[in-house]
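The values are calculated or read from the model by the stated rules, or taken from the named source; none is laboratory data. Everything numeric here is computed off the predicted structure, so don't read it as measured data. Because the Cβ atoms are built from the backbone with ideal geometry, glycine has one as well, and the counts that use them run over all protein chains shown.
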Amino acid sequence: MTCRVSAARLDVADIMRAVRHPAAGAVVVFTGTTRRTNAGRRVVRLEYEAHASMALREMRRLGAEAKRRWRLARVALVHRIGVVPVGEPSVVIAVSAGHRAEAFAAGRWLIDRLKEIVPIWKKERYRGGAVWIGAQQGGPPARRGRPRAARGTGAASRARERRPARPFYGTRAGR
């Protein structure tokens, strides 16, 4: 199993090669990429932070659980930290299995669970400000319409930049 948290650019082809196996008739790769716009805002870049040792432990646990649930040959979970410009991958999930149904189901489950419980936090930098986003953040819902520009550098502006508490563990039900 391949699990990594890295500040280096992610090589999707290399990660895909890591899950190839002679018994696998299917390889599924999910690549999460920084997009140009989100919630009506023009994204400049994403910035990721992680509790690396805990993130790796959770990623390995998820990979092992996926192998127990589905007949997988190999699994890879790789997440980038630091600055990720628009157009570059932030996360790659790759699985190989004998058949496509297992590979698709496991890949979908892995990315969903990774985003829910692995202690990696995402800050979206956009024109006019920044916001911590994602399921783990408990942040505000996406705004409709045109975002307002950030005003000044006072306490309110600093509060917008502050990361919320890190509630990365929810209930363990359903695992």
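Starting from residues that are touching a Ser or Thr at 6+ places or on another chain (Cβ under 9 Å) and part of a loop (DSSP other than H, G, I, E, B), keep the ones in segment 81-135 and report whichever is surrounded by the fewest Cβ atoms within 10 Å (Cβ to Cβ). Within segment 81-135, the match that is surrounded by the fewest Cβ atoms within 10 Å (Cβ to Cβ) is Gly87. Applying the criterion of at least 1 residues that are in contact (Cβ under 8 Å) with a residue 24 or more places away in the chain, closer than 20 Å to Ala103 by Cα and over 18 Å from the mean Cα position of the chain (by Cα) to the strands (runs of 3 or more DSSP E) found wholly in segment 1-62 leaves 26-33.
Here Arg69 does not qualify as basic (Lys, Arg) and crowded, with 19+ Cβ neighbours inside 10 Å. So how many residues does segment 79-135 have that are at pLDDT below 95 and at positive phi? Looking only at that region, the number is 3. Selection of first residues in segment 127-138 that are within 13 Å of Asn38 (Cα to Cα) and of second residues that are at pLDDT 60 or above, restricted to Cβ pairs under 6 Å at least 6 apart or on distinct chains, gives the following pairs, ordered by first then second residue: Arg127/Arg42; Ala130/Lys123; Val131/Glu124; Trp132/Lys123; Ile133/Lys122; Ile133/Glu124; Gly134/Lys122. Scanning segment 44-58 for residues that are closer than 10 Å to Pro119 by Cα and in contact with a strand residue (DSSP E or B) (Cβ under 7 Å, 6 or more places away or on another chain) gives Glu49, Ala50, Ala52, Ala55, Leu56.
Across segment 31-55, the qualifying residues are those that are touching a Lys or Arg at 6+ places or on another chain (Cβ under 8 Å) and of a type in the set (A, V, I, L, M, F, W, C), and the one among them that is surrounded by the most Cβ atoms within 10 Å (Cβ to Cβ) is Leu46.
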